[in-house]
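Here is the structure we will look at.
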Amino acid sequence: MSGIVAIFYPDSRPVSERLLSKALDTLVHRGRDDRGIWIGGNVGLGHRMRWTTPESLNEELPLQKADGRLVITCDARIDNREDLLKQLAFDRTSVSRVTDSEIVLRAYEKWGEDCPHHLIGDFVFAIWDATNKKLFCARDTLGLKHFYYYYRPGVIFALASEIKALLQIEQVPKELNEAHLADYLILRSEDKVSTFYKGIDRLPSNHSLRVTSAGMKISQSWEPRFSELKLRRDADYQEAFLEKFSQAVNCRLRSAFPIGAMLSGGLDSSAVVCVADRSLRSQNRDPLNTYSAIFPTLAKMDPRIDESAYMMAIIEKTKVNPHFVNVDDASPLQNMDKIVWHTDHPVGYLNVYMDSQIFKSCEADGVRSLLTGHDGDTTVTYGYQEFEQLAKRGRFIRMMREARAMSKNIPSRMHSVKRLAWHKGLKPAIPTAIVKAWRFARFWKESIVDDSKISHPLHLSSVNSAFRTQEELVRRTDALWEETSRKWPTPAEHHWNSLTTGLFSNMHEQVEKLSAAFGVEPRHPFFDRRLIEFCVSLPPGQRIYKGWTRSIFRFAMEGILPEAVQWRVDKANLGAHIKMNLLKYGSDEIEAAIGRDSWMIAKYLDTDQLRSAYNEFKMDANRKDPEALLLLTSMYLIKWLEHSGFAQEDHRVAFAGS
């Protein structure tokens with residue numbers, strides 16, 4: 001984990017060291033171990049170093065080739081090192097000292113602008129190519145490292161790991177992007193480019209960027225393969241999955257410091273912990289540190305929160321060093337000032353305060369790299385789409401057999417044979433043209449909202465109509481969805497699209513910037529490109545098998561996971577602790593926000609609707625999920641508007657006069 005800055009003046013003005021240093025020093029929290037600046041006339045690169053891997057201990061950035069033709073600054077962890085060391089012909093006697101930045105630079109020498117295609121890992125980098133007078137930059141496949149930039153043709157191009165660094169550069173304007181703010185109000189994130197600051201954009205994941213004095217060009221770096229995998233037996237698929245999953249975990253254990261892992265007791269984090277533990281023990285390395293959020297008091301009020309039995313099953317099976325982080329009495333609104341400063345925008349995910357407590361604990365223990373189980377649900381899907389695929393292929397007997405088995409294994413109203421076979425299988429397999437014709441014949445009428453991609457209707461209805469009407473918000477949401485989504489001609493493309501949504505991009509950025517506040521680098525095995533490519537290519541029958549969801553994962557973990565975890569089909573109700581603690585510890589702050597401070601958001605939100613939501617929430621907090629989410633996001637919006645300076649006095653005047 002590091003921080004980077006780059007400035008390029010196409011008009012050949014020299015880069016000021018003072019200006020580059022000023023921008024770089026706002027990122028001190030991202031790297032206190034070393035600091036470097038390189039300036040070559042109208043180009044400047046800066047770096048803040050945070051050591052994590054063994055190789056990084058000897059790394060000095062920016063790095064310039066001996067002949068002076070290439071210079072790189074980067075925040076990179078390359079996970080296919082062994083393959084690249086061979087392909088790039090490094091001296092085998094010194095490979096243990098080869099840094100990831102050297103690998104990226106030599107990859108650029110060999111493959112040019114195609115080099116990101118060959119790199120697997122989490123990375124952003126900027127390379128100044130003096131021979132061709134161009135700055136070449138790239139971002140990893142899933143956007144796990146972030147990249148913000150400002151470009152004014154013929155005047156300036158600047159990039160940084162965080163927006164706050166860009167705002168130190170006088171040519172970069174500070175202006176609120178109200179279109180992006182409107183997306184936040186309804187919790188839609190399909191815009192993968194814009195930010196809350198007009199003119200400051202993000203390089204989308206899996207893209208590269210080239211800028212010269214003549215202009216800028218952005219290109220996609222890598223295209224996944226969608227050919228269906230063909231193996232002989234079910235056991236072969238399971239063995240192959242375990243190999244890919246183990247590879248994804250093991251390559252993320254490369255660390256010069258103690259390794260940590262989140263452990264919730266769920267299938268995903270538990271599998272990561274067990275596989276990591278086996279690998280570390282086989283190498284005689286120090287035990288894995290696990291971090292688990294617990295709620296002793298709240299669990300007595302709502303037992304659905306309590307995951308301790310599953311956590312203990314994992315701890316007893318392994319040799320991990322467990323840490324339990326008590327967030328029983330933590331307010332979901334705590335440390336909002338610090339959080340919005342580090343994220344540069346209002347946050348949109350609920351567990352931010354719980355994650356902060358875990359990152360803080362890691363920092364205290366000297367853990368700089370933290371494995372997570374995020375988001376195994378999407379990489380290894382539950383598999384319900386397989387009922388439709390089986391129906392489309394005419395495999396009706398297999399479809400019915402799986403429906404009956406699932407109804408028995410995971411009994412619930414949603415798993416009745418009728419719902420699985422008809423609603424998940426046959427009905428969606430009916431061609432769209434036939435469905436539309438039937439609806440037309442029945443004079444079927446659908447509202448613009450009900451037929452849209454709006455997933456939070458309370459948020460939609462709470463937007464001040466003078467700012468954006470519901471119709472405007474829905475049209476933009478649907479347009480972004482159409483623009484950024486594939487047409488899904490195959491289930492594999494549908495699966496890939498679900499992993500590359502704007503929602504994931506935003507979530508990754510929030511988590512990474514929050515963890516950087518504590519000097520912790522999150523590492524996500526389920527977002528390994530090789531594992532994703534394998535899971536996307538699975539044929540029908542491998543995600544649901546013998547009536548089990550996520551079957552390939554479960555069967556592959558035989559003997560690795562405790563049976564109680566391997567075959568569990570429920571999930572903890574972690575939202576309960578957020579709602580209960582929000583009411584218990586946040587009421588005074590909420591009442592102040594919707595009363596005294598509501599002028600800050602009155603332009604954007606219907607404050608009467610917000611007060612009504614709070615009154616509903618107070619009456620039965622544990623049953624008011626939409627209201628709790630609206631209150632939380634509104635609180636963070638107020639705090640960010642205040643912190644950023646966008647909550648102007650003229651808003652107060654307008655509110656007072658209304």
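Tabulated results
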| read-out | value |
| --- | --- |
| Relative contact order [Cα under 8 Å, 6+ residues apart], segment 575-657, whole percent | 39 percent |
| Net +/- balance of residues flanking R530 in space, Cβ distance below 11 Å, scoring K and R +1, D and E -1 | -3 |
| Subset of K513/K639; K338/K360; K230/K408 violating a 22 Å alpha-carbon distance limit | K230/K408 |
| Estimated 222 nm signal from helices in the chain, with DSSP H stretches of n ≥ 4 weighted -39500 (n - 2.57), rounded to 500 | -12500 deg cm²/dmol |
| Spin-label model distance (nm) - A592 vs A429, 7 Å beyond Cα toward Cβ | 5.9 nm |
| Per-residue Cβ neighbour rank within 10 angstrom, fewest leading, M354, M557, M216 | M216, M354, M557 |
| Nearby aspartates and glutamates by direct alpha-carbon distance to K65 (threshold 19 angstrom, same-chain neighbours under 8 apart not counted) | E55, D75, D91, D100, E102, E109, E113, D129 |
| For N464, residues with placed amide H under 5 Å, excluding near neighbours | L605, D606 |
| Fewest-first sequence of S269, S407, S205, S416 by Cβ atoms within 10 Å of each Cβ | S416, S407, S205, S269 |
| Average Cα contact separation per residue, the chain, under 8 Å, 6 or more apart, as relative contact order % | 16 percent |
| For segment 2-220: relative contact order, % (alpha-carbon pairs under 8 angstrom, 6 or more apart) | 21 percent |
| Net charge of neighbours whose Cβ lies under 13 Å from the Cβ of K392, counting Lys and Arg as +1 and Asp and Glu as -1 | +3 |
| Cα pair distances of the chain binned at 20 Å [whole percent] | 17, 51, 30, 2 |
| Total formal charge among the other residues, if their Cβ is under 11 angstrom from that of S412, Lys/Arg +1 and Asp/Glu -1 | +1 |
| In nm, spacing of pseudo-spin labels at W422 and A214 (7 Å Cα→C-beta vector) | 6.3 nm |
| Stretch gain in nm, segment A564-S12, where the contour uses 0.36 nm per residue and the Cα spacing is subtracted | 192.3 nm |
| Amide hydrogen neighbours beyond the local backbone of H323, cut-off 5 Å, H modeled | T290, Y291, S292 |
| Ascending count of other beta-carbon atoms within 10 Å, so fewest first, for I294, I590 | I294, I590 |
| Förster radius 56 Å - calculated FRET efficiency between R475 and A256 (Cβ-Cβ, nearest 0.05) | 0.65 |
| Full-extension gain in nm, R304 to A179, via 0.36 nm per residue minus C-alpha separation | 41.1 nm |
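No value in this document is a laboratory result; all are computed from the given coordinates. Because the structure is a prediction, the values reported are computed rather than measured. Here Cβ is always computed from backbone atoms with ideal geometry, including for glycine, and neighbour counts include all displayed protein chains.
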